[in-house]
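Down below is the structure, laid out as structure tokens.
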Amino acid sequence: MDLIREHPILDFKHGRKVRFTFDGEELVGFEGEPIAAALHANGIRIYRLTPKRRQPRGFFCAIGKCSSCFLVVDGVPNVRSCITPLRTGMRIETQRDKGVIALDAE
């Protein structure tokens, strides 16, 4: 995982390590951190493809105001990953098109 460990001004505290999946691959992150931060730390930069042109989008504004970081989380599309806290066992998927609710969502 690629994390900032020291900073001259900011103090970084992480929650407990948790496991989650992204597109079927098991990854590790810290409970409570934004999903986008956990993905970024695991080297994942593309979160969705735009509906018409299939252009890749990822982490952009980091404050929940744009739609670049939309993901499908536990079967629910259009989840803003920059402001949604990571929980253990989350099933996270790349969002394609406008997002479709999975029929097998728990």
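Contact map, region 14-25: residues that are farther than 17 Å from LEU71 by Cα and in a strand (DSSP E or B) paired with residues that are modelled with pLDDT of 95 or more and of a type in the set (D, E, K, R), Cβ distance under 9 Å, separation 6+ or inter-chain. Pairs shown: LYS17/GLU31; VAL18/GLU31; VAL18/ARG87; ARG19/GLU26.
One residue stands out among those in region 54-89 that are assigned to a loop (DSSP other than H, G, I, E, B) and of a type in the set (A, V, I, L, M): the one that is modelled with the lowest pLDDT, which is ALA62. For ILE44, the test of being assigned to a loop (DSSP other than H, G, I, E, B) and under 13 Å from PHE20 (Cβ atoms) is passed. Among the criteria (1) assigned to a loop (DSSP other than H, G, I, E, B); (2) small (Gly, Ala, Ser); (3) modelled with pLDDT of 95 or more, the one ALA38 does not fulfil is (1). Hey, among the residues in region 14-62 that are under 11 Å from SER81 (Cα atoms) and of a type in the set (Phe, Trp, Tyr), which one's surrounded by the fewest Cβ atoms within 10 Å (Cβ to Cβ)? Checked region 14-62; the qualifying residue surrounded by the fewest Cβ atoms within 10 Å (Cβ to Cβ) is PHE60.
The values are calculated or read from the model by the stated rules, or taken from the named source; none is laboratory data. These figures come from a predicted structure and were not determined experimentally. Cβ: placed from backbone, ideal geometry, glycine included. Neighbour counts: every protein chain shown.
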